[in-house]
Amino acid sequence: MIEMLKNLVAIKSDTEEGANDALRFCSKWLDSHEITHEIIENEGRLMIHAEIGQGDTTIVWNGHVDVVPAKIEQFNPIIDGDRLYGRGSADMKAGVAAMMEAYRRIYSAREELNQRIILHIVTDEETGGRKTSGHLVEIGRTGDFVICGEPTHLKLSVQSKGILHANVTLFGKAAHGSRPWEGTNAVEASYLFHEKLKTLPFTKASNEYYEYPSINLAKIQAGDRYNVVPDQCEVNYDIRFVPGQNWEDIIEEMTELAQSINPKNIVKAGGKTPAITTTEDNPFVQSLALVTAEVTQKDAVLFGQHGAADTRYYAKTGAGAIEFGPSGEDWHGPNEYVLISSVEQYADILTKYALR
């Protein structure tokens, strides 16, 4: 499994072509073990769907082989003790490798399974997931419970924050740059807006997993000349809100604030993703927690993830969807690595969970 993971990490899958190459590598590995599967194509992106077992319940294992861009040397996997370094080692080719290995183990016992196990390997999670995981859900390839193998240190992420991209346009009054007092600087208005934004009621929301929403001022654009007071400034926010909140209320609060500064100011919602909440008493979560504790010899930990994953697509159908995967650090960073021991434990957990 670890040798297979090294080979997978070595594939430069930070482009559409590279991600599809990594997908084909996974397909060839499955073929080498005579595991029946199909490759589906949508809008140029490839994905794998494999299905075994029978019963009234269906569990989906979902993993992605696309990665964020990196320097070429990061696609040279290096093992140092228990660490395997390389782009995508943690996020999330380790999860994919463990899922394929666990699937291989249970494949020979597929006639004895009392539930269906579906393996999904996809190629566009890092760019939104709509073309692969989203497509699989659209065509009915989903289940009752979904495990996305993102790196979670073998903890069960039963919640994830929602996403709101908010676009704010602030207006001022142009003037000569040598006489700024004759104008109203829209950039300075954006300073005021940003400071007051952090005090709005929606920023105080919390629950047992999250202390507050997060606000990232992602982009700002204004002005095109030194000698002109800018009369328009556009700022773009990436807001991650707590389960229980809704994006419409956030936009309403932001709009009231913006228009209190200048009635002409505009706030518009961009991309939106609802928060994910899978309850702790979900029977799939409880049974997975028991298996995890058995394999790791530690109490299972449930938590809330700050980011988003392809769980969002499966959750739309009412499926319980969680992030659960191996342990690593610095994913999306220059020193990304995964702990080999956690990959081995993860494969053991998936295997036992499928055969329970």
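The values are calculated or read from the model by the stated rules, or taken from the named source; none is laboratory data. All values derive from a computational prediction rather than experimental measurement. Using ideal geometry, Cβ is built from the backbone for each residue, glycine included, and neighbour counts are taken over all protein chains shown. Side chains are part of the model used for accessible areas, which takes the heavy atoms of the whole protein and leaves out ligands, DNA and RNA. Shrake-Rupley method; radii C 1.70, N 1.55, O 1.52, S 1.80 Å.
For this structure, a couple of remarks:
- The H on the amide N of Lys173, modeled in the peptide plane, is under 5 Å from the matching H of Thr184, Asn185, Ala186, each at least 5 residues off or on a different chain.
- On Cα atoms only, tilt of 16-32 relative to the major axis of the chain in degrees: 10 degrees
- Taking Rg and Dmax of the Cα atoms in Å as calculated from this structure, the corresponding entry among (i) 23.2, 81; (ii) 19.7, 58; (iii) 21.5, 69 is (i).
- With a Förster radius of 51 Å applied to the C-beta separation of Ser108 and Leu192, the computed FRET efficiency comes to 0.20.
- Taking all protein chains as shown and a probe of 1.4 angstrom, Glu256 keeps an accessible surface of around 120 Å².
- Available extension along the chain between Gln54 and Asn236 is 60.7 nm, counting 0.36 nm per residue and deducting the alpha carbon span.
- Cα-based reach from Lys6 at 25 Å (exclusive), listing lysines while leaving out same-chain residues under 8 positions away: Lys28, Lys71, Lys93, Lys155, Lys352
- Placing unit charges on the Cβ atoms only, positive for Lys and Arg and negative for Asp and Glu, gives the chain a dipole magnitude near 540 debye about its Cα centre.
- Extension gain from Gln221 to Asp21, taking 0.36 nm per residue of separation minus the Cα-Cα distance: 68.3 nm
- Listed residues Arg240, Arg179 arranged by accessible area, highest first, probe 1.4 Å: Arg179, Arg240
- Rolling a 1.4 Å probe over the heavy atoms of the protein chains gives the chain an accessible area of 45 Å² per residue.
- Helix axis angle, 283-296 relative to the chain longest principal axis, alpha carbon, degrees: 70 degrees
- Pair Asn246, Asp82: separation of 7 Å Cα→Cβ label points (nm): 4.6 nm
- Among Gln221, Gln286, Gln115: highest mean-square fluctuation, GNM of the chain, C-alpha pairs under 10 Å: Gln221
- Residues considered: Asn262, Asn227, Asn114. Largest GNM mean-square fluctuation over the chain, using C-alpha springs under 10 Å, is found at Asn227.
- Signed unit charges on C-beta, dipole axis of the chain, positive-most listed residue Thr311, Asn246, Ile72: Asn246
- Label point of Lys173 set 7 angstrom out along Cα-Cβ; within segment 266-282, amide nitrogens under 19 Å from it belong to 266.
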